[in-house]
Amino acid sequence: MAVQRLGLIMHGITGRMGYNQHLVRSICAIRDQGGVALPNGDRVMPDPILVGRNGEKIAEIARKHGIARTSTDIDGALANPEDTVFFDAGSTVMRAGLLTRAIEAGKHVYSEKPIAETIGEALAVAELARKRGVKNGVVQDKLYLPGLRKIKMLNEAGFFGRILSVRGEFGYWVFEGDWGQPAQRPSWNYRKGDGGGIILDMLCHWRYVLDNLFGEVKAVSCLGATHIPTRIGEDGKPYTADADDAAYATFELEGGIIAQINSSWAVRVKRDDLVTFQVDGTHGSAVAGLTRCFTQHRVNTPRPVWNPDQPQTMKFADQWDEVPDNQVYDNGFKAQWEDFIRHVVADTPWKFDLMQGVKGVQLAELGLKSWAERRWLDVPPVETLAQVR
């Protein structure tokens with residue numbers, strides 16, 4: 001068995017997602033397990049260099065996790081031919097420019113989403129990757145979640161019959177930063193000028209979830225809101241939060257399926273998980289969170305009686321059966337990292353390229369336009385947009 005090195009430039013790992021999910025739970029975990037197994041039995045060991053503007057902070061992270069290399073010079077890192085993959089989990093406003101520089105340097109690229117702020121920028125990055133012949137990918141982590149993998153299994157088994165609707169609830173309360181309770185998200189998330197806003201953030205997720213599990217998104221109607229207009233920044237001072245912190249969206253999918261997904265950073269949770277999806281079909285229904293999934297088949301569907309004059313006696317939550325964990329589920333981010341590394345090194349099949357990221361940006365842009373114009377909008381195939389360019 002041969003073990004080969006994969007030089008990996010990682011940018012944006014000082015943020016919550018970049019540090020926890022991509023560095024610690026993905027790349028460090030892959031190192032600890034002895035690398036990524038290839039189809040021929042060989043293994044690939046990622047050798048990361050951490051790149052960022054705050055040299056002291058990335059050096060501290062590197063020491064903590066036994067990583068030998070750091071740099072504050074992105075161009076210098078991109079110039080090193082021994083590092084062949086560039087990954088970005090930094091701020092949205094910088095992403096398209098960084099991906100462009102990496103692709104022009106001949107690097108394979110893997111990126112958090114959204115891959116750009118606008119559909120024009122996203123298309124340009126995806127087309128550049130295609131023209132330069134570099135392998136490329138965008139994080140689609142929710143497809144790797146145990147709960148949604150169970151939904152996919154049920155659908156492929158025909159459990160739902162004809163799917164009628166999908167209902168999603170996502171969100172939690174992000175503290176304003178006062179009353180001695182620091183915010184759980186960075187302040188740039190709430191400023192339009194810094195690429196913030198929940199529509200741009202979350203509709204990119206919902207696009208790939210809906211497309212891959214239920215049917216291509218054909219139309220969207222979206223209402224956004226800025227429920228908390230003033231928050232406290234990292235410097236302890238108030239700032240104007242002018243980006244949307246909640247989105248209430250309805251989607252029409254192929255086959256006539258209707259999907260409704262609420263996304264909010266200003267909601268308190270009384271459900272089983274921070275995100276839940278309910279799928280209703282002619283033969284059965286399912287409700288899934290991040291890990292667990294519960295089902296109710298047509299033959300087990302109760303007959304509740306509507307009587308507003310009497311307290312409800314049925315315990316509806318008890319009438320559902322849980323889908324068992326018949327396999328071990330790894331961290332979703334790590335599982336997708338392993339798939340991408342195999343694609344880069346062994347050319348294994350891969351579908352989550354930057355054009356999938358373009359679809360996410362497209363839906364977010366249409367969601368913002370729908371909100372501004374207060375109307376439904378069709379979602380054309382992104383291939384037609386590329387042809388127009």
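The values are calculated or read from the model by the stated rules, or taken from the named source; none is laboratory data. What you see is a predicted model; the values in this text were computed from it and never measured. Here the Cβ positions follow ideal geometry from the backbone for every residue, glycine too, while neighbour counts run over all protein chains shown.
Among the candidates Ala249, Ala243, single out the residue that is of a type in the set (A, V, I, L, M), crowded, with 18+ Cβ neighbours inside 10 Å, assigned by TED's automatic domain parsing to the domain that holds Gly158 and not in a loop (DSSP other than H, G, I, E, B). I'd like the intermediate steps shown before the answer.
On the way: Ala243 fails: not in a loop (DSSP other than H, G, I, E, B).
Ala249 is the lone residue from the list that is of a type in the set (A, V, I, L, M), crowded, with 18+ Cβ neighbours inside 10 Å, assigned by TED's automatic domain parsing to the domain that holds Gly158 and not in a loop (DSSP other than H, G, I, E, B).
Return yes when Leu368 is within 24 Å of Phe170 (Cα to Cα) and part of a helix (DSSP H, G or I) and no when it is not.
Numbers: within 24 Å of Phe170 (Cα to Cα): yes; part of a helix (DSSP H, G or I): yes.
Answer is yes for this residue.
Have a look at Asp339, Asp318, Asp273, Asp309 and point out the one that is among the acidic types (Asp, Glu) and touching a residue at least 24 places away in the same chain (Cβ under 8 Å).
Exactly one of Asp339, Asp318, Asp273, Asp309 is among the acidic types (Asp, Glu) and touching a residue at least 24 places away in the same chain (Cβ under 8 Å), namely Asp273.
Under the condition of being touching a Gly at 6+ places or on another chain (Cβ under 9 Å) and more than 19 Å from Ile27 (Cα to Cα), which residue from the range 68-77 is surrounded by the most Cβ atoms within 10 Å (Cβ to Cβ)?
The extreme case among them is Ile74.
Being part of a strand (DSSP E or B) and out of contact with any Ser or Thr (no Cβ under 6 Å at 6 or more places or on another chain) narrows it down to one residue among Gly224, Gly236; which is it?
None of the others qualify; the one that does is Gly224.
Pairs needed: first member in the range 196-211, at pLDDT 95 or above; second member anywhere, aromatic (Phe, Trp, Tyr) and not in a helix (DSSP H, G or I); C-beta distance under 7 Å; at least 6 residues apart or different chains.
Every condition considered, the pairs that remain are Ile198/Trp265; Met202/Phe170; Leu210/Phe251.
Taking the range 332-365 as the search range and keeping residues that are outside any helix (DSSP H, G or I) and within 21 Å of the chain's Cα centre (by Cα), which one is surrounded by the most Cβ atoms within 10 Å (Cβ to Cβ)?
Here the answer is Phe352.
Could you tell me whether Gly281 is surrounded by 15 or more Cβ atoms within 10 Å (Cβ to Cβ), of a type in the set (Gly, Ala, Ser), under 18 Å from Lys150 (Cα atoms) and in contact with a helix residue (DSSP H, G or I) (Cβ under 8 Å, 6 or more places away or on another chain)?
No, not satisfied.
Name every residue in the range 142-164 that is part of a helix (DSSP H, G or I) and of a type in the set (Val, Ile, Thr), in order of residue number.
Within the range 142-164, Ile151 is the sole residue that qualifies.
Please go through the range 118-140 and pick out each residue that is closer than 18 Å to Gly12 by Cβ and surrounded by fewer than 21 Cβ atoms within 10 Å (Cβ to Cβ).
Matches in the range 118-140: Glu121 only.
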